[in-house]
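K.L.:
Dropping the structure in here first, questions after.
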Amino acid sequence: MTNRVTFPILRALMAKYGLSYADMGRIIPNKITGQPMSYQTFSTKINKEFNFDAREMILIRDYFNSLGENVTVQEIFFDWLSSNEDIARKWNLNKCKKKESYEGG
């Protein structure tokens, strides 16, 4: 069994815009406190230890679409479950290794 890269489109979009886990956390404020999502929490979600909730998915989609992308929640959060190879072809992504950590500022 090979290791699958989780959320390859989200990772590609983050790389395209130079966004760290901490940057992504600022896009997803806590719905009660308004504080940004922590680096650690985002890390657990993008590495599939915990799930993104619907609100978080929509905030992330809306953020990238505000930058001129035309992506759907389906593309970012679900299409990768079928085949990373299909995603790589569709989005013209090079195969990349999963990073163990992603330092944020």
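The values are calculated or read from the model by the stated rules, or taken from the named source; none is laboratory data. Predicted model only: the values in this text are computed from it and were never measured. Note that we place each Cβ from the backbone using ideal geometry, even for glycine, and neighbour counts take in every protein chain shown.
K.L.:
Tell me yes or no: at least one residue of the range 2-17 is farther than 19 Å from D79 by Cβ, exposed (fewer than 11 other Cβ atoms within 10 Å of the Cβ) and either free of Cβ contacts under 8 Å to residues at least 40 places away in the same chain or basic (K, R) (or both).
P.N.:
no
K.L.:
State the number of residues belonging to the range 18-32 that are of a type in the set (A, V, I, L, M, F, W, C) and touching a residue at least 24 places away in the same chain (Cβ under 8 Å).
P.N.:
The qualifying residues number 4.
K.L.:
Next question. Can you find even one residue in the range 75-96 that is at pLDDT 95 or above, among the polar types (S, T, N, Q) and either under 14 Å from the mean Cα position of the chain (by Cα) or buried (at least 16 other Cβ atoms within 10 Å of the Cβ) (or both)?
P.N.:
no
K.L.:
Using beta carbons and a limit of 7 Å, which pairs, at least six apart or on different chains, have the first residue in the range 33-54 and within 10 Å of A22 (Cα to Cα) and of a type in the set (K, R) and the second one assigned to a loop (DSSP other than H, G, I, E, B) and at pLDDT 95 or above?
P.N.:
none
K.L.:
So G68 ticks every box in (1) assigned to a loop (DSSP other than H, G, I, E, B); (2) modelled with pLDDT under 95; (3) not aliphatic (A, V, I, L, M) but one. Which box is left unticked?
P.N.:
Condition not satisfied by G68: (2).
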